[in-house]
Each structure stands twice: as C-alpha cells, then as structure tokens.
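Report on the structure given below.
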Amino acid sequence: MHLTVSETNELEQPTLIKPGVVSVYYELPAKYLEFFNHEPELDSSQFLINLIDSTIHSNASSISASCLSFVDDVCLVTETILRQAIHQRIKSILFFNNMDRALLDLKYEPEDLFQQFQQILENINTIITTYGDDNNHINDFIIDPTKNAVIFGSTPHGWAFTIKQFADIYASKYGIEKDKLMEQLWGDHFFSPMTKKWSTIPEKGSGRGFCQFVLNPISQLFKAIMDSRKDEFIKLFEELNIELQDELSKDGILPLKLVMKKWLPVDDILLTTMVIHLPSPVVAQKYRTELLYAGPHDDDVFLSIQSCDSNGPLMIYISKIIPTLNKSHYYAFGRVFSGVVKSNEHVRILGPNYVPGTREDLYIKNIQLIVVLMGQSIQQIDDLSCGNICCLIGIHRYLVRTGTITTSEHAQSICVSSRVADFSEKVS
C-alpha cells in the first residue's frame with residue numbers, strides 16, 4: 001500500500017448514506033502464518049482491511065452490484081448477493097451468527113444445531129457450483145469449515161470461533177496432528193471415547209467430532225453458567241485454559257457474555273479469517289479482470305489492472321456518489337484498480353454511456369481532493385496506489401452514479417455486468 005497524508009488531515013465529518021466504510025489495520029499473529037498459503041509471496045504479517053457495509057434489502061440490488069464490482073470478497077447475506085458474488089468471482093466467508101439464541105432460547109441440542117449448519121452450508125455450496133462459470137476454479141470458491149472459511153458465533157455477545165480454535169486446543173492438549181484433527185471436527189467423523197478411535201460411521205457410544213469436541217463444551221458452559229453451577233464451569237474453564245477473575249462473582253447472562261468474549265473474541269476471529277481465507281487485490285485481480293474491464297484483453301490497461309500495477313495507467317471504478325449531511329460535499333466513492341491517483345491530477349471521466357472513440361459521456365477534468373473514509377470520519381491524502389479504496393472530490397457532477405476514472409486516452413470502462421440485475425428477479 002502506498003499512501004501519503006497531506007497537511008490538512010481533518011475535513012467535515014460526514015453522515016454517510018450507503019455504503020459505510022471502515023479501514024482496519026491488522027497484524028496477523030505468527031501462529032496463523034502457516035495457514036496463509038494462497039499468497040506464497042507474502043513478506044509481511046501486516047494487513048489493511050477495507051470493510052464496506054452496503055445495507056441489503058429488496059430494492060438495493062443495484063447498490064450491492066456496484067459495490068461487488070470493486071470488492072474481492074464478501075460475508076454472505078442473501079442468496080441474491082451470493083449469486084452476484086459467484087458471477088463476479090468473489091470469494092466468500094460464511095458466518096453462522098446468533099448462536100446464543102439457538103442455545104439459550106431455542107434450546108437446540110448439538111446434533112440438531114450441526115444438522116442446521118450442514119443443511120445451510122450444502123445449499124450455499126450447491127448454488128456456488130451451479131452458478132460458477134467454467135473459468136471459475138470452482139473448488140477454490142467452495143466454502144469449507146475445515147479450511148477456515150466458516151465462522152460460528154454471536155456478534156451481539158461478542159464471541160466467535162472457527163474449527164481451528166478447537167483444533168489448536170485439542171492438538172496442544174493431546175499431542176494430536178492439528179491438520180488431521182481439523183478434518184475430523186466437521187462432517188461425518190465420529191469418535192469413540194471407549195476405543196479412542198475415529199470412524200466415518202457412527203458406532204455405539206461414539207459421537208460426531210464437531211458435536212463432541214466443539215458444540216458440547218460450549219453448550220455445557222452455557223448451561224453451567226446460566227444455572228450458576230460454579231464448580232462445574234470452573235472445571236470447564238480449566239480444561240479449556242480460560243483464565244477468569246471478576247467474571248466468577250456474577251450470575252446470569254452477563255458473566256456468560258464476559259466469559260465467551262474473553263475466550264473467543266469475535267474481532268480477532270473475524271479479522272484473522274478474512275486475512276487467511278480471502279485474497280488480496282493483487283491475487284484477486286488476476287482472475288477477475290476479464291469480467292471487469294470492457295476493453296481488449298491484451299492492451300496495456302487490461303494487463304495493468306490484472307497485475308495491480310501501480311506503475312500502470314490510472315484506472316478507478318466509481319460505484320456511488322455519497323453526500324455529506326448538509327450536502328456541501330459530494331464524494332465519488334471508488335476503488336483504484338491500476339496506477340496511483342493524485343490530487344489535482346488531470347483525468348478522463350468515463351460515464352456509464354461512454355462509447356470508445358467518441359466524446360459521448362466523456363469529461364476531462366481535475367481531481368480536486370482525495371479522501372479516505374474511516375466510518376464517520378475522513379482523512380485527506382495526496383495520493384493513493386492501486387488496491388485501495390477512496391473518495392474523490394470535484395468530479396461528482398460529471399457522474400450520475402457510477403463511472404470510470406482514467407489517465408489513459410484509449411482505456412475503456414470498468415463496468416458492472418448486465419447479468420447481475422437478473423439475479424434479484426430469480427429469488428423469491
């Protein structure tokens with residue numbers, strides 16, 4: 001990432017419409033680097049994660065579609081968004097949320113809860129294989145809990161986990177091979193406490209690995225804390241290496257939240273899973289550019305986008321115009337796919353109706369300012385390299401909503417596929 005901060009750091013604090021954006025700096029713990037195999041050229045454990053919240057409802061498909069054009073991955077929300085993501089070759093992670101309600105209110109037993117998870121996961125992977133295109137390397141997009149692509153938890157209570165967290169616990173405690181254990185903690189893998197052996201067929205006295213070693217400890221912990229059986233949950237804490245102090249003096253739902261949040265903090269799990277499983281712009285643009293760029297696949301613009309080249313021509317896709325609360329400023333929100341964007345730079349603005357070789361829907365203007373959105377606050381910068389998202393000031397009046405910003409005279413548009421709009425009509 002290349003970013004230069006200008007002398008003017010703070011601008012007017014905007015109230016944004018959609019999408020909301022937060023950029024998060026995250027340093028991946030060393031113990032997780034062994035799982036980071038999709039980018040072998042990785043030379044750092046430091047990451048910048050751009051989070052975009054596009055509120056999804058029945059009439060927001062176009063907003064979601066434009067956002068999907070410049071993200072590389074997505075946390076699944078609906079079948080419509082899943083189909084859009086598959087078509088645009090966007091990798092996904094799955095979060096099974098609100099597990100607290102399943103255990104406390106709905107009283108799910110571990111096996112019933114597993115069956116619910118399994119059914120949803122199978123449905124999602126069926127959609128992925130059905131709608132993936134021939135060049136999609138579909139196996140790379142299948143969502144697999146044993147590969148850290150599925151998170152389980154409760155964001156209201158502040159806790160979450162992947163199978164890896166429990167594989168780490170048991171591998172360390174019993175000296176078991178971690179990779180093999182991760183495979184056994186999902187699906188039809190059953191463990192017999194009597195024979196100490198695993199089987200793919202349930203036998204008398206055996207239990208499913210995910211239920212026995214993941215859900216059962218959580219369910220037992222929930223029941224012990226809610227029933228104030230302190231001797232029982234203190235023993236569980238010791239078995240799970242949970243160190244507690246003040247939490248033991250309370251009763252009811254509050255200590256449960258504190259315990260789970262301390263044991264399995266949701267922020268660490270979410271950020272780690274994103275970094276491990278989801279691709280960087282450098283990796284994603286290699287296989288997504290042919291879907292995004294309207295021009296020839298052998299010109300310098302295409303090749304620059306495909307390699308995420310900061311030395312190539314500037315190419316930015318604008319997905320939305322965002323006003324401040326008093327509408328004194330309008331921000332053109334977009335992603336830099338190629339080159340480096342600079343303040344006061346002379347650029348070509350290609351509107352959605354731009355026709356190559358003509359001046360239709362083409363404007364040549366200067367970018368006045370560049371800002372980075374940080375939730376409700378913004379920061380002005382002088383330049384920003386490809387792979388990042390930003391807002392441009394001074395060009396909104398030349399765009400209806402979406403468009404392409406470039407310094408190349410022969411560049412064509414980065415565009416949203418017309419197929420995306422069809423997906424919302426297919427889902428009841």
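The values are calculated or read from the model by the stated rules, or taken from the named source; none is laboratory data. All of these numbers come straight from a predicted model, not from anything done at the bench. For neighbour counting, all protein chains shown are included, and Cβ atoms are generated from backbone atoms with ideal geometry for every residue, glycine included.
Would you confirm, using the coordinates I've provided, whether residue 217 is surrounded by 19 or more Cβ atoms within 10 Å (Cβ to Cβ) and over 24 Å from the mean Cα position of the chain (by Cα)?
In short, no.
Could you tell me which numbered condition residue 301 fails, if it satisfies all but one of (1) buried (at least 17 other Cβ atoms within 10 Å of the Cβ); (2) out of contact with any Cys (no Cβ under 8 Å at 6 or more places or on another chain); (3) at pLDDT below 95?
Looking at each condition in turn, residue 301 falls short on (3).
Can you tell me which residue among 117, 141, 161, 152 is of a type outside the set (Val, Ile, Thr), surrounded by 17 or more Cβ atoms within 10 Å (Cβ to Cβ), modelled with pLDDT under 90 and within 20 Å of the chain's Cα centre (by Cα)?
141
What strands (runs of 3 or more DSSP E) completely inside the stretch 133-242 contain at least 1 residues that are over 30 Å from residue 89 (Cα atoms) and in contact with a Lys or Arg (Cβ under 7 Å, 6 or more places away or on another chain)? Give the steps one after another, and end with the answer.
On the way: elements: 150-154, 159-161, 190-192, 197-199.
Where strands (runs of 3 or more DSSP E) fall fully within the stretch 133-242 and carry at least 1 residues being over 30 Å from residue 89 (Cα atoms) and in contact with a Lys or Arg (Cβ under 7 Å, 6 or more places away or on another chain), they are 190-192.
To keep it simple, each residue is scored yes or no on (1) touching a residue at least 60 places away in the same chain (Cβ under 8 Å); (2) touching a Pro at 6+ places or on another chain (Cβ under 7 Å).
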| site | (1), (2) |
| --- | --- |
| 93 | yes, no |
| 112 | no, no |
| 123 | no, no |
| 140 | no, no |
| 144 | no, no |
| 156 | no, no |
| 163 | no, yes |
| 167 | no, no |
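Pairs, please: C-beta under 9 Å, at least 6 apart or cross-chain, first residue assigned by TED's automatic domain parsing to the domain that holds residue 256 and in the stretch 199-227, second assigned to a helix (DSSP H, G or I) and among the basic types (Lys, Arg)?
Listed pairs, sorted by first residue: 224/230; 224/235.
Please specify each residue of the stretch 23-35 satisfying the condition of being loosely packed, with under 14 Cβ neighbours inside 10 Å and modelled with pLDDT of 75 or more.
25, 27, 29, 30
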